[in-house]
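The values are calculated or read from the model by the stated rules, or taken from the named source; none is laboratory data. Only a predicted model underlies this, so the values are computations on that prediction, with no experimental measurement involved. A quick note on method: Cβ atoms are made from the backbone with ideal geometry, for glycine too, and the neighbour counts reach across all protein chains shown. All accessible areas refer to the heavy atoms of the entire protein, side chains included, with ligands and DNA or RNA removed. Shrake-Rupley method; radii C 1.70, N 1.55, O 1.52, S 1.80 Å.
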Amino acid sequence: MAKIAFYDTKPYDQEWFDELNRKYEIIYLENKLTPVTANLAVGCEAVCAFVNDDIGAKTIDTLHSLGVKLIAMRCSGYNNVDMNAAHGKIHVVRVPAYSPYAVAEHTMALLLTLNRKLHRAYNRTRDFNFSLVGLTGMDLYGKTIGVIGTGKIGRVFIDICRGFGMNVIAYDLFPASNTDIYYVDLETLLKESHIISLHCPLNEKTKHLLDARAFTQMRKGTIILNTSRGALIDTGALLDALNNGKVGGAGLDVYEEESDFFYQDLSGTIIKDDQLALLVSRPNVLLTSHQAFLTDEALANIAETTLLNLDEFFGNNRIINEICYLCESGKVANKCNKEKTGRCF
Ligand code: NAD
């Protein structure tokens, strides 16, 4: 029975893996995977990791020296893995899709809450404050929303927005073909949208995609939604844009420096991150702790696909959900061996 070190375990992860696992000895660890905690994987053939683990070259070298052969990401994004360092040493698999609906619906929840100020109304009425002053929103019907990234989640989100009668425009580096999506260039999207929602991956090209320059191109009062990755937005520039009114509100499920804070109860501590503290203090910023994926359906799919990925790896089969820096999620087959042998190397 292969041993798997499962990092950054939360009760909701364990519940679904225990329910579905029949074959593996899973060692559940509360620690995040870092260069230091990598040593806890001694005796394990695989590790299972999540969005805020630090899977840089040092971690990979330590895992490799311990004989770990597989990093099973239980998420779709893999920007926290040094893919170049892993290549040829440790295979990397992921869960490419577990519920685009979970993330897209959470994005709409952020927009509705922020626009109609439900977070503030909830607090007021609990205190028997029934005043409506300061709670005015806008009709979403007829407004233009710009969706950046039209893959699985972006696509579902577009359909939800159309259900509200919104005018959807989109930008994608690799636009879909044979589609009803109305694509524009990034500059047009920034200029014309009342609301902008990010659904593209984080990589060198997309880091700080929304920076000071991007914010100056926007309409006054634009609402920003980010349920993808924190570093798509330059937080300092966002705070400036919130201060000068260019941005009228931000619904964020992710934050650039979230790995030091998210998924922990820090209610009894002083937060030593001024940008995070400023964001949280703004009434027109709604921050959730990277929870857009958190539905029963998504958790079940994550566990099922991760166990399937392990089965394919240990069964010496073709590994459908393997990724490497050469194939980059299958877009460019390049020099990756996957098409020939079923594995990236
Ligand atoms: P996907 O791969 O299906 O779609 C991503 C889209 O972005 C693709 O169409 C791609 O062509 C496009 N893209 C790539 N580079 C781009 C660029 N430079 N500019 C514009 N578009 C670009 O991914 P998905 O499943 O839709 O997920 C989107 C993102 O959502 C993931 O990368 C991940 O970071 C994030 N995510 C967050 C959560 C959460 O809980 N908050 C959960 C799952 C995924």
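Brief remarks follow.
- Enumeration of residues in the stretch 196-222 that are over 19 Å from the mean Cα position of the chain (by Cα) and either among the aliphatic types (A, V, I, L, M) or in a strand (DSSP E or B) (or both): 212, 214, 218, 222
- Of all residues in the stretch 248-266, those being surrounded by fewer than 13 Cβ atoms within 10 Å (Cβ to Cβ) and over 21 Å from residue 9 (Cβ atoms) number 0.
- Applying a threshold of 6 Å to beta carbon distances and a minimum spacing of six or more residues, or different chains, the list of pairs starting in the stretch 141-169 at a residue that is free of Cβ contacts under 8 Å to residues at least 40 places away in the same chain and closer than 16 Å to residue 188 by Cβ and ending at one that is of a type in the set (A, V, I, L, M, F, W, C) and open to solvent by less than 20 Å² (accessible area, probe 1.4 Å) reads 168/145; 168/158; 168/161; 169/189.
- Of 62, 107, 113, all but one fail to be in a helix (DSSP H, G or I), in the same structural domain as residue 14 (by TED's automatic domain parsing) and within 28 Å of residue 261 (Cβ to Cβ); the exception is 62.
- Summed over the stretch 278-288, the residues that are in a helix (DSSP H, G or I) and open to solvent by less than 50 Å² (accessible area, probe 1.4 Å) give a count of 1.
- Hits in the stretch 162-186 - residues which are of a type outside the set (Phe, Trp, Tyr), more than 13 Å from the ligand (Cβ to nearest atom) and exposed (fewer than 15 other Cβ atoms within 10 Å of the Cβ): 162, 163, 165, 178, 180
- The set of residues in the stretch 192-207 being within 12 Å of the ligand (Cβ to nearest atom) and open to solvent by 50 Å² or more (accessible area, probe 1.4 Å) consists of 201, 203, 204, 205, 207.
- Some residue of the stretch 239-261 being under 12 Å from residue 284 (Cβ atoms), within 16 Å of the ligand (Cβ to nearest atom), of a type in the set (A, V, I, L, M, F, W, C) and in the same structural domain as residue 191 (by TED's automatic domain parsing): yes
- Evaluated against (1) assigned to a loop (DSSP other than H, G, I, E, B); (2) open to solvent by less than 70 Å² (accessible area, probe 1.4 Å); (3) closer than 30 Å to residue 236 by Cα, residue 344 falls short on exactly one condition, (3).
- The listed residues are 306, 288, 341, 295, and the only one of them that is touching a strand residue (DSSP E or B) at 6+ places or on another chain (Cβ under 7 Å) and closer than 30 Å to residue 93 by Cβ turns out to be 306.
- Tally of residues being part of a helix (DSSP H, G or I) and open to solvent by less than 10 Å² (accessible area, probe 1.4 Å) across the stretch 73-92: 1
- Unmet requirement for residue 95, which otherwise passes all of (1) under 30 Å from residue 62 (Cβ atoms); (2) open to solvent by 40 Å² or more (accessible area, probe 1.4 Å); (3) touching a helix residue (DSSP H, G or I) at 6+ places or on another chain (Cβ under 6 Å); (4) within 14 Å of the ligand (Cβ to nearest atom): (2)
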